[in-house]
Protein chains: 2
Amino acid sequence: MLENVNYLIRPEKEEERARLKAEQEKLGVLQMKIKEHNVPVLVLFEGWGSSGKGTLIGEVIHNIDPRFFKVATFTDRTEEEKRYPFLHRYFATIPEAGKFRFLDSGWMDEVTRGAMNGTLEPDEYKKHVDSIRRFERSLTDNGYVVIKFFLHISEKEQKKRLDALEDSKDTKWRVSKFDRFQNKNYDKCAKIYEQYFEDTFFPAAPWYIIDAKSKKWAELQILETMNQAIETALQNASLSVPIPQNMFPLAKTEKLADIPLEGKELTEEEYREKLDSLQAELRELHNRLYRKRIPVIIAYEGWDAAGKGGNIKRITESLDPRGYEVHPIASPEPHEKARHFLWRFWTRMPKTGHIAIFDRTWYGRVMVERLEGFCSENDWKRAYNEINEFEKELHDGGAVIIKFWVQIDKDTQLARFTDRQNTPEKQWKITDEDWRNREKWDLYEEAINEMIAKTSTVYAPWHILESVDKKYARIKALSIVVEELKKVL
Amino acid sequence: MLENVNYLIRPEKEEERARLKAEQEKLGVLQMKIKEHNVPVLVLFEGWGSSGKGTLIGEVIHNIDPRFFKVATFTDRTEEEKRYPFLHRYFATIPEAGKFRFLDSGWMDEVTRGAMNGTLEPDEYKKHVDSIRRFERSLTDNGYVVIKFFLHISEKEQKKRLDALEDSKDTKWRVSKFDRFQNKNYDKCAKIYEQYFEDTFFPAAPWYIIDAKSKKWAELQILETMNQAIETALQNASLSVPIPQNMFPLAKTEKLADIPLEGKELTEEEYREKLDSLQAELRELHNRLYRKRIPVIIAYEGWDAAGKGGNIKRITESLDPRGYEVHPIASPEPHEKARHFLWRFWTRMPKTGHIAIFDRTWYGRVMVERLEGFCSENDWKRAYNEINEFEKELHDGGAVIIKFWVQIDKDTQLARFTDRQNTPEKQWKITDEDWRNREKWDLYEEAINEMIAKTSTVYAPWHILESVDKKYARIKALSIVVEELKKVL
């Protein structure tokens, strides 16, 4: 693919200047459209060492209001960054609606660099490429414009540039060992780049190879491509996208109505006894997973008043407070709503050795957001797969994922609502919204059944906690957590 | 002060159990009051190595709903953390309104540890202590409950605990070299702790020395103290606090009305020429400050339509995009409003070698928040000093701070508003709010005059940019930035 640049025909000086001016002005106009239509634009600059990524980003952003874009660079992962899944730091830097994000190299560089210097095993490479494909597709599916540039220069040109940089005291530091290595192994590196283009090329986010020998000419290619990509995206903004079929192995599940609730209870005595022994066991396991650096994600969903809060408390009571965090999830704030719906969860993921407990989760997308119309039908229908992919990423990163649905029947909910209403200390727990949601019980039940059926993957299955007797549900939750942790310890 | 524990009289077993139970229940009730009244509570656990901080935090939080608190721990600064001012990571972890934050050691540990092992010079120690005093006072002034515990054990008890930990394979890793060092130099360390207590004791956030020999007894002392502190804080919630006098050297300033605007203009030719040479110079300086790792903060305030955006653009055009970020500041989002008003600025501060440009700033507190009643009179009157302290922290951390007020007269604003209204591409820039603010011009002018007079410290003075001719203002801004950077390079 790198020979593609041979097909590009550089215009004459005067024509180049005129076209450049036109494109610069066009980008100035398009930035306002981007803002007006709330489109997020992610522009990736990759390329050979010394191909001029930073300089060209500098040229491009001249045409954009500084309040509408951000630039990010990535270096070798810090020790801290190594404790998060591969995609974590990249997902964290996606732009918000109406703004640009320019990346001075990113996930491509990390993966190809690893392949070049041999620190990334072929199967790890393949895993990362799968992650990247899903990541980019999920962004474009969610309305992100993703534009990927690769700045190409020849072996000779690269050598010339590196030599020139090293000649001056002021610029010497810019030449890294890796740059030299790359130049010496140019053909081998070119093959790795080309393999990567093939691996990650898809119509919604294609690769654009830019002839980067001349700065002006490179800028023209980039601006023409960007403007065209943005215009297309604006035209297609309201189009629905295909809903990917599920590709992940699913566990067998049951409909909520078929799950018996009666008889699922414990006496106070049984409860105390099991609680003590399970909590002691969990305390010990937490210590071990902390030292073995395993990240754990516990996700709670359930009917209002099903007993999520008390259930979570029985888990956290046995955990070292320095090693876990509880995330209560409410409706998204403006800066969260302005990004991919998973962004606010990606940024809350635990590092290795830590436990993150979510009180409500990313499944809001296929429950409340679906039923209240907070997202389009295309959005929530696509979300089952997006969520399965998300959890796959976490699982592949070594995380244990435990998902609980806390289940009660409609009468039990009514009794608890009434109790909350009548007890002064509990009144904060009940709102008009709870009553409104209750009226939609049947619609919710249908949505929940679909959710459980479609997202019970074998690596992150749903567990039902029968919670008419809260004691029973707490012990069941503790048992499952203990069991799942034992599997990995 | 450590002998204070001698005055504490441990109750008999039975009484202890009864009092403990009562306090646990009380905390359960108080957590709801905290939530209801939107009070943030910061609880600091400091103490000797192996004094049981983690365990005791674990006991205390048993009584709190896991959704209402978070626990944080700090370790030695990572390379990344070293690139921010001393208070940065601590300010970032303050609790939000209605919630608890427990810290398993924090700024005290960092400072005393440095003093103990000799890595912190006495003058650095003094600087940090000043920062801490201001930090804690600013929190309590802003309605934070700050409770500081020190868990005290004797030299003998500490030795016994360390030996016991080292005896078991499973707990051996918990004993650090520093723990042993501390035990061997117990008296010297005790002196350093006592000095720190004296240095950082003040009525709104006093130190509580806890006798930590027995876990139950320590828990009782902690709960009684916490509950009492919270109750007092709830009673005092609506009280105003004293407004500290300015302690920082101020630069001489003028009232806006006394600053001539006529004649402050440039021809297109002069402008082009100066723009080119200043931008070239700034480009070069940015490179040098990146390598010398100096952080730079450029703050823009000014009348609506004064020309902030275009002015910022002329600065950023000459900067390497990988080394700066522009932060447009709008009204705070819910999670920002729930914290100290400076939190959202602290968390946006640049690391060493980077430039952060703020399009509107923390001065909103003494302009729009003052005039629209978004905060109390006591709040904005206190803010001048809080802001001076904030900028002092940044300055002491090595940052260059450049503050611009972009100045125009009322007629110029009217002309620009009208132009925006009549030009389709500019209409997004003008809102009803702009017109409403314009009606309050005189009130704003008074507030701005007060702001400039009170916050033009010698380390962070205001610069007025006369912007009736935008070209003039841009060149003046560039000249000032270049000049200020030259001073430090």
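The values are calculated or read from the model by the stated rules, or taken from the named source; none is laboratory data. Because the structure is predicted, anything quoted here is derived from the model rather than measured. Cβ: placed from backbone, ideal geometry, glycine included. Neighbour counts: every protein chain shown.
Values as computed for the structure displayed
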item	result
Among residues of region A:466-489, those that are over 22 Å from A:Leu289 (Cβ atoms) and either in a helix (DSSP H, G or I) or of a type in the set (A, V, I, L, M) (or both), counted	5
Selected residue (only one of A:Glu372, A:Glu281, A:Glu273, A:Glu301 is away from every other protein chain (no Cβ under 11 Å) and closer than 19 Å to A:Lys429 by Cβ)	A:Glu301
Any hit, region A:8-30, residues being at pLDDT below 95, closer than 25 Å to B:Ala330 by Cα and in contact with a Lys or Arg (Cβ under 9 Å, 6 or more places away or on another chain)	no
Of the criteria (1) within 23 Å of A:Ile210 (Cβ to Cβ); (2) touching a Lys or Arg at 6+ places or on another chain (Cβ under 8 Å); (3) within 14 Å of another protein chain (Cβ to nearest Cβ), which one A:Val60 fails	(2)
Selection status of A:Thr78, hydroxyl-bearing (Ser, Thr, Tyr), at pLDDT below 95 and out of contact with any Pro (no Cβ under 7 Å at 6 or more places or on another chain)	yes
Residue check, B:Trp462 hydrophobic (A, V, I, L, M, F, W, C) and either within 14 Å of another protein chain (Cβ to nearest Cβ) or over 25 Å from B:Tyr84 (Cα atoms) (or both)	no
Filtered residues of region A:66-93 (kept if under 19 Å from B:Glu325 (Cα atoms), facing chain B (nearest Cβ under 10 Å) and in contact with a Lys or Arg (Cβ under 7 Å, 6 or more places away or on another chain))	A:Pro66, A:Phe68, A:Phe69, A:Lys70, A:Val71, A:Ala72, A:Thr73
Qualifying position, being outside the structural domain of B:Thr140 (by TED's automatic domain parsing), at pLDDT below 95 and either hydrophobic (A, V, I, L, M, F, W, C) or crowded, with 18+ Cβ neighbours inside 10 Å (or both), among B:Ile408, B:Ile402, B:Ile430	B:Ile430
Qualifying positions in region B:391-426 - under 30 Å from B:Lys487 (Cβ atoms) and assigned to a helix (DSSP H, G or I)	B:Glu391, B:Lys392, B:Glu393, B:Leu394, B:His395, B:Asp396
Test result for A:Thr200, more than 21 Å from A:Thr55 (Cβ to Cβ) and among the polar types (S, T, N, Q)	yes
Any hit, region A:454-467, residues being within 28 Å of the chain's Cα centre (by Cα), over 26 Å from A:His354 (Cα atoms) and surrounded by fewer than 16 Cβ atoms within 10 Å (Cβ to Cβ)	no
The one condition in (1) within 24 Å of the chain's Cα centre (by Cα); (2) assigned to a loop (DSSP other than H, G, I, E, B); (3) touching a residue at least 24 places away in the same chain (Cβ under 8 Å) that A:Lys213 fails to fulfil	(1)
Check on B:Pro321, within 9 Å of chain A (Cβ to nearest Cβ) and over 27 Å from A:Thr73 (Cβ atoms)	no
Region A:12-41 - residue that is in contact (Cβ under 8 Å) with a residue 12 or more places away in the chain and part of a loop (DSSP other than H, G, I, E, B) and, of those, nearest to A:Phe150 (Cα to Cα)	A:Pro40
Lone qualifier among A:Asp163, A:Asp179, A:Asp187 - being more than 27 Å from A:Lys21 (Cβ to Cβ) and touching a Leu at 6+ places or on another chain (Cβ under 8 Å)	A:Asp179
Of the criteria (1) over 19 Å from B:Ile153 (Cα atoms); (2) surrounded by 19 or more Cβ atoms within 10 Å (Cβ to Cβ); (3) not β-branched (Val, Ile, Thr), which one B:Glu14 fails	(2)
Counted residues, region A:427-452 - those being more than 24 Å from B:Met32 (Cβ to Cβ) and not in a helix (DSSP H, G or I)	1
Subset of region B:32-57 that is more than 11 Å from chain A (Cβ to nearest Cβ) and polar (S, T, N, Q) - its residue that is nearest to the chain's Cα centre (by Cα)	B:Asn38
Count of residues meeting criterion [surrounded by fewer than 21 Cβ atoms within 10 Å (Cβ to Cβ) and of a type in the set (Asp, Glu)] in region B:20-58	2
Residue check, B:Pro11 touching an Asp or Glu at 6+ places or on another chain (Cβ under 9 Å) and more than 14 Å from every other protein chain (Cβ to nearest Cβ)	no
Matching entry among B:Pro242, B:Pro249 (being free of Cβ contacts under 8 Å to residues at least 60 places away in the same chain and within 23 Å of B:Ser131 (Cα to Cα))	B:Pro242
Unique match (being within 30 Å of A:Gln245 (Cα to Cα) and of a type outside the set (D, E, K, R)) among A:Tyr472, A:Tyr459	A:Tyr459
Residue in region B:226-245 that is away from chain A (no Cβ under 14 Å), among the β-branched types (Val, Ile, Thr) and within 30 Å of B:Glu25 (Cβ to Cβ) present	yes
Selection within region B:304-317 - of a type in the set (S, T, N, Q) and facing chain A (nearest Cβ under 9 Å)	B:Thr316
Selection status of A:Glu136, within 22 Å of A:Trp380 (Cβ to Cβ) and either away from every other protein chain (no Cβ under 14 Å) or at pLDDT 95 or above (or both)	yes
